[in-house]
Amino acid sequence: MSDSPYIFDATMENFQQRVMEASATTPVLVDVWADWCAPCKQLMPILEKLAGEYEGNLQLAKVNADQQQELTASLGVRSLPTVILVKDGQAVDGFNGALPESEIRKVLEKHVDAPAEDPYEKAQALWEEGEVDAALAILTELNRKDPENLEVLIDLAQLKAEKGDLETAEQVLESLPPEEKMQHKAKQLAARVKFMKQAGELPPMADLEARLADNPKDPDALHQLALQHVLRDNNAEAMELLIRLMQAQPDYQDGVAKNTLIELFDKLGNGNPDVRAYRRKLYTLMH
């Protein structure tokens with residue numbers, strides 16, 4: 001028996017109430033299965049996953065064919081697995097066998113309302129798509145409703161920084177509790193604000209690349225071009241330039257190359273493959 005509130009075992013005794021009558025308000029997916037049926041075991045995790053995704057807009061009724069032979073016969077089941085979608089007290093759709101998840105989704109989409117999209121997840125998706133203003137509007141409203149939600153607050157500050165409002169981003173950073181400032185997202189924000197504040201002082205990338213073509217060890221050009229790449233999220237290129245700067249002049253600006261690398265590592269997080277690769281390079285260079 002699943003712990004999900006959207007999944008239950010159907011029997012002859014509860015089928016009328018929990019499936020037929022309940023389907024007047026919420027569609028019910030009836031899965032007729034058996035322990036010995038390999039396709040049933042292949043299908044069941046998919047159905048359970050989908051029931052969870054629909055967040056109450058769909059119920060999953062599991063009928064054990066061996067234990068519920070009378071109910072199975074009354075449903076006209078001839079093979080396993082058999083899946084029947086019941087809505088408004090009627091069987092409106094269904095299928096036999098273990099269909100791929102994509103095909104099952106097509107069946108459900110015709111009859112079941114999609115779950116309401118989580119506004120925070122929607123804001124994240126819009127942000128990833130480059131729809132910064134739309135994401136900013138959603139996060140602003142979420143922050144208004146729940147100003148104590150630090151995750152929303154930090155994301156809001158990140159977007160403000162991307163829009164050029166570094167003052168607001170810095171104010172958010174200052175307002176965070178000390179323990180929150182040590183969290184990954186807060187470190188990301190601090191690094192981004194610092195890099196963006198430096199951006200206004202940087203020469204164009206083409207000029208910096210020309211200087212490095214003339215002198216590959218020019219420390220100012222290596223540092224400034226690395227920062228330009230950071231601002232464009234070309235993180236591997238930035239790290240490579242900072243490593244070159246450490247090799248060329250390790251004490252440049254009191255070790256700014258090493259410090260900038262560490263800030264980049266904080267910004268991207270330990271799970272980033274570039275961070276893992278360049279952390280090893282930094283360790284090798286220092287030892």
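Listed values, structure above:
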quantity: Those aspartates and glutamates that a straight Cα-Cα span of less than 12 Å connects to Lys160, excepting residues fewer than 8 apart in one chain; calculated: Asp133, Glu170
quantity: Centre separation in Å (Cα based) which lies between the stretch 151-209 and the stretch 63-126; calculated: 46
quantity: DSSP bridge orientation in the chain - percent antiparallel, rounded to nearest 5; calculated: 55
quantity: Cross-link pairs beyond the 20 Å C-alpha cut-off, checked among Lys62/Lys87; Lys187/Lys281; Lys87/Lys110; Lys145/Lys181; Lys87/Lys122; calculated: Lys187/Lys281; Lys145/Lys181; Lys87/Lys122
quantity: Estimated inter-spin distance, Asp207 and Trp36, nm [label 7 Å along Cα→Cβ]; calculated: 8.1
quantity: Nearby aspartates and glutamates by direct alpha-carbon distance to Lys49 (threshold 18 angstrom, same-chain neighbours under 8 apart not counted); calculated: Asp3, Asp9, Asp31, Glu101, Glu103, Glu109, Asp113, Glu117, Asp118
quantity: Extension reserve of the Ala73-His184 stretch, reckoned as 0.36 nm per residue once the Cα distance is removed; calculated: 34.3 nm
quantity: Distance between modelled label sites at Lys197 and Ile262, nm, 7 Å Cα→Cβ extension; calculated: 1.8
quantity: Relative contact order for the stretch 7-109, counting Cα pairs under 8 Å that sit 6 or more residues apart, in percent; calculated: 37
quantity: Dimensions (Å) - the chain, Cα atoms, principal axes, largest first; calculated: 84, 42, 35
quantity: Taking Trp127, Trp33 and counting other C-beta atoms within 10 Å, the order from fewest to most; calculated: Trp127, Trp33
quantity: Potential lengthening between Asp118 and Ile46 on full extension [0.36 nm per residue; Cα-Cα distance subtracted]; calculated: 23.7 nm
quantity: Gain in span if fully extended, Asp165 to Asn96, counting 0.36 nm per residue against the direct Cα distance; calculated: 19.2 nm
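Any read-out appearing in this document is the output of simple, stated calculations on the displayed coordinates, not a laboratory observation. Please read all numbers here as calculations on a predicted model, not as lab measurements. Because the Cβ atoms are built from the backbone with ideal geometry, glycine has one as well, and the counts that use them run over all protein chains shown.
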